[in-house]
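Input: a single structure, listed below in C-alpha cells.
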Amino acid sequence: MQTMDMMPFLQSMSIRRVTLFVRWSVEWTYHISGMKYIIPDGMRALLVMINQLKRADGNIMISTLGEADGTPSGNFLLLDGKTFEPKGTWPADGKVVKFNYDFWYQPRRNVMISTEWGSPSHIKKGFNPAHVSEGLYGNSVHIFEWNSKKHFQTIDLPMPLGALPLEVRFLHEPTNENAFVGCALGSAIFRIHPDKENPSVQTATLSASIPSKHVSGWPLPEMPALITDILISMDDRFLYVSCWLHGDIRQYDITDPSNIKLNSQVYIGGSIHSESNIQVLDEDYSEIPALYVKGRKIEGGPQMLQLSLDGKRLYVTTSLYKQWDLQFYPENVKSGATMLQVDIDPETGKMEINRNFLIDFGKVSGGPYLAHEMRYPGGDCTSDIWI
C-alpha cells in the first residue's frame with residue numbers, strides 16, 4: 001500500500017465549457033468526488049476562460065485564456081478562498097496581456113511571471129502548426145510587480161525555441177532570483193533572471209534545448225519533444241521536464257542555475273516507441289520499447305508532473321487536453337489516461353519507473369477519464385510559495 005503522506009488531487013481544466021471544479025479527489029480505490037463547482041454564468045459575467053489555478057494571499061487566483069467568445073485576453077480571476085465566489089480580477093490597472101497560461105510569484109522579490117499558450121478558439125480545435133506563424137500562439141513571458149499588481153515588462157523569447165512558453169517555476173528559496181520556463185513547441189528551457197547590466201528588469205537566457213526528431217509516418221518531417229510541464233524539487237536541486245511527444249521525462253541538476261546539467265532520464269509512452277508505427281530517422285537514435293505497467297500499455301506521453309516533498313516519488317499523468325489528445329494520442333482518449341510513479345534515488349537522483357504503481361482512469365466508474373493536473377492537499381512542489 002502506498003503511504004499517504006500526501007495524496008494527490010486532480011484538477012479539472014475546461015476551455016470549451018467554462019465551469020470550474022474547485023477540487024476533484026481521486027482515492028487509490030478509484031473513488032472520484034466533485035467537491036464544489038462554479039456555474040458558467042458566474043464566470044461569463046467576468047468574461048474569462050479557466051486555465052491554471054493557484055492560491056494567492058488567502059484567495060484563489062486563476063489565470064485565464066480569454067473572453068467567453070474565445071478571443072484571447074489574458075487576465076487573472078480572484079475567488080474567495082472560503083466561499084469560492086468570484087471577487088473580480090487581480091491586475092490593479094486593468095491591463096490584460098494578449099495570451100496567458102501559467103504564473104508564479106516571489107513575494108519577497110515583489111515579482112510575478114506569467115506565460116502564454118494561445119488563442120482559446122484555436123486551441124480547442126486542435127493544434128495547427130500554421131497558427132503559430134499567424135500569431136495565434138504566444139512566445140512571451142510577462143513580468144508583474146506583485147505588490148502593486150501592475151504589469152511591468154514583457155520578454156519576447158526568441159523563435160523558434162521560445163514558441164509556446166507554458167510552465168514557469170521559481171526556485172523555492174524565497175530570495176532566489178531564478179525562474180525557469182518550459183517552451184512546449186520550442187522544446188527549450190529558459191532561465192528568467194535579473195539583467196546583469198540593469199537588475200531592475202528581467203532577462204531570459206537559454207538553459208537547455210531538446211532537438212526535434214527526424215521522423216517518417218508522422219504528419220510533419222520533424223517531431224518536437226513538446227515540453228508540457230516542468231517542476232522543481234522542494235530542495236531546489238532538480239528540475240524535471242516532461243516531453244509529451246518524445247515520451248521522456250528529463251531530470252536536470254540545477255544546483256548551479258546558470259549551468260544546468262542532464263542527470264537522469266526515463267521514457268513513459270510517447271510517439272516514438274517500438275510499437276508506435278513512427279520511424280525515427282536520426283542515426284544516433286536507439287529504439288525505445290513501449291511501456292507496459294501491470295499489463296497495461298501506457299498510451300499518451302508524460303504530461304503533468306507532481307513530486308513528493310521528500311523528492312523520492314514523481315507522479316505523472318498522460319493527458320494534455322482532449323482535443324490535442326485526440327489528434328496525437330487517440331488511443332489515450334479511448335482507453336483513458338493513466339497515472340504512474342517514478343522512484344527517485346535520494347542520493348544520485350536516478351529515476352526508475354515503479355512497475356507496481358498504476359492508476360488506470362479507463363477503469364474508473366463513469367470513465368474513461370483524461371486525468372490532468374495533480375495536487376497534494378497539504379501543499380506541494382508546484383504550489384508552495386514562501387512569503
Filter result (assigned to a loop (DSSP other than H, G, I, E, B) and over 18 Å from Asn100 (Cβ atoms)) within segment 128-141: Asn128, Pro129, Glu134
Sole residue being of a type in the set (A, V, I, L, M), modelled with pLDDT of 95 or more and touching a Gly at 6+ places or on another chain (Cβ under 9 Å), chosen from Ile230, Ile260: Ile230
Cβ-Cβ under 7 Å pairs, at least 6 apart or on other chains, segment 245-274 side at positive phi, far side aliphatic (A, V, I, L, M): Gly247/Ile268; Gly247/Ile272; Gly247/Ile288; Gly269/Leu291; Gly269/Ile298; Gly270/Leu245
Residue under evaluation Arg55, criteria (1) at pLDDT below 80; (2) assigned to a helix (DSSP H, G or I), criterion not met: (2)
Selection within segment 227-256 - of a type in the set (Asp, Glu) and either under 19 Å from Phe103 (Cα atoms) or in a loop (DSSP other than H, G, I, E, B) (or both): Asp229, Asp235, Asp236, Asp256
Which listed residue is farther than 24 Å from Ala92 by Cα, in contact with a Cys (Cβ under 8 Å, 6 or more places away or on another chain) and among the small types (Gly, Ala, Ser), from Ala130, Ala163: Ala163
Test: residue in segment 194-212 that is over 17 Å from Leu305 (Cβ atoms) and either of a type in the set (Lys, Arg) or touching a Gly at 6+ places or on another chain (Cβ under 7 Å) (or both): yes
Count of segment 321-352 residues which are within 22 Å of Trp218 (Cβ to Cβ) and among the small types (Gly, Ala, Ser): 2
Which listed residue is more than 20 Å from Pro120 (Cβ to Cβ), hydroxyl-bearing (Ser, Thr, Tyr), out of contact with any His (no Cβ under 6 Å at 6 or more places or on another chain) and surrounded by 19 or more Cβ atoms within 10 Å (Cβ to Cβ), from Tyr105, Tyr101: Tyr105
Options Thr154, Thr175, Thr205: the member that is in contact with a helix residue (DSSP H, G or I) (Cβ under 9 Å, 6 or more places away or on another chain) and either in contact (Cβ under 8 Å) with a residue 24 or more places away in the chain or surrounded by 20 or more Cβ atoms within 10 Å (Cβ to Cβ) (or both): Thr175
Residue in segment 124-134 that is surrounded by fewer than 16 Cβ atoms within 10 Å (Cβ to Cβ) and within 18 Å of the chain's Cα centre (by Cα) present: yes
Among the residues listed as Ala188, Ala163, Ala92, the single one being without any contact (Cβ under 8 Å) to a residue 60 or more places away in the chain and surrounded by fewer than 20 Cβ atoms within 10 Å (Cβ to Cβ): Ala92
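The values are calculated or read from the model by the stated rules, or taken from the named source; none is laboratory data. None of the values given here were measured: they were computed from a predicted structure. Neighbour counts are summed over all protein chains in view; Cβ atoms, including those assigned to glycine, are modelled from backbone coordinates with ideal geometry.
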